[in-house]
Amino acid sequence: MKRVGFLLKVKLERLEEYKQIHQQVWPEMLQALSKAGWHNYSLFLREDGLLFGYFETPVSLQQAQSRMAVEEVNRRWQVMMAPFFESANNSRADEMFVELTEVFHLD
């Protein structure tokens, strides 16, 4: 399994709503993520809006994203979530991941 870490930036004025939405992620979105090979997926949010995401996948980040891109539920989720993220070019959040390089893992 490849471990993927990424960063995004949530707008300060949307932090609480962002957290609330993630308390009840749509069941069909959870199913699509699992089907696309996203495992142990977690999001961590700092008070300044910095979002750290982590998941494990048998494929690369780009392949994992491509697998989700074909899911209709992902399109709907991304449209709903777009206003929550800071973006210079109005990209969807799932297209703005800043992938981090893993430098250590205790197995």
Unmet criterion (only one of (1) in contact with a strand residue (DSSP E or B) (Cβ under 9 Å, 6 or more places away or on another chain); (2) surrounded by 14 or more Cβ atoms within 10 Å (Cβ to Cβ)) for residue 50
(2)
Looking at the range 61-77 only, could you name the residues that are outside any helix (DSSP H, G or I) and in contact with a helix residue (DSSP H, G or I) (Cβ under 9 Å, 6 or more places away or on another chain)?
71
Flagged in the range 81-99 as more than 13 Å from the chain's Cα centre (by Cα) and either surrounded by 12 or more Cβ atoms within 10 Å (Cβ to Cβ) or under 18 Å from residue 51 (Cα atoms) (or both), in numbering order, are 83, 86, 87, 88, 90, 91
Residue pairs, Cβ under 7 Å, 6 or more apart or interchain, first in the range 4-25 and of a type outside the set (Lys, Arg), second surrounded by fewer than 14 Cβ atoms within 10 Å (Cβ to Cβ). List them.
4/99; 5/102; 6/98; 6/99; 7/50; 7/98
Among the residues of the range 13-23, is there at least one that is within 12 Å of the chain's Cα centre (by Cα) and either exposed (fewer than 11 other Cβ atoms within 10 Å of the Cβ) or in a loop (DSSP other than H, G, I, E, B) (or both)?
yes
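No lab work stands behind these numbers, since they all come straight from the coordinates. All of these numbers come straight from a predicted model, not from anything done at the bench. Positions of Cβ are backbone-derived with ideal geometry, glycine not excepted, and every protein chain shown enters the neighbour counts.
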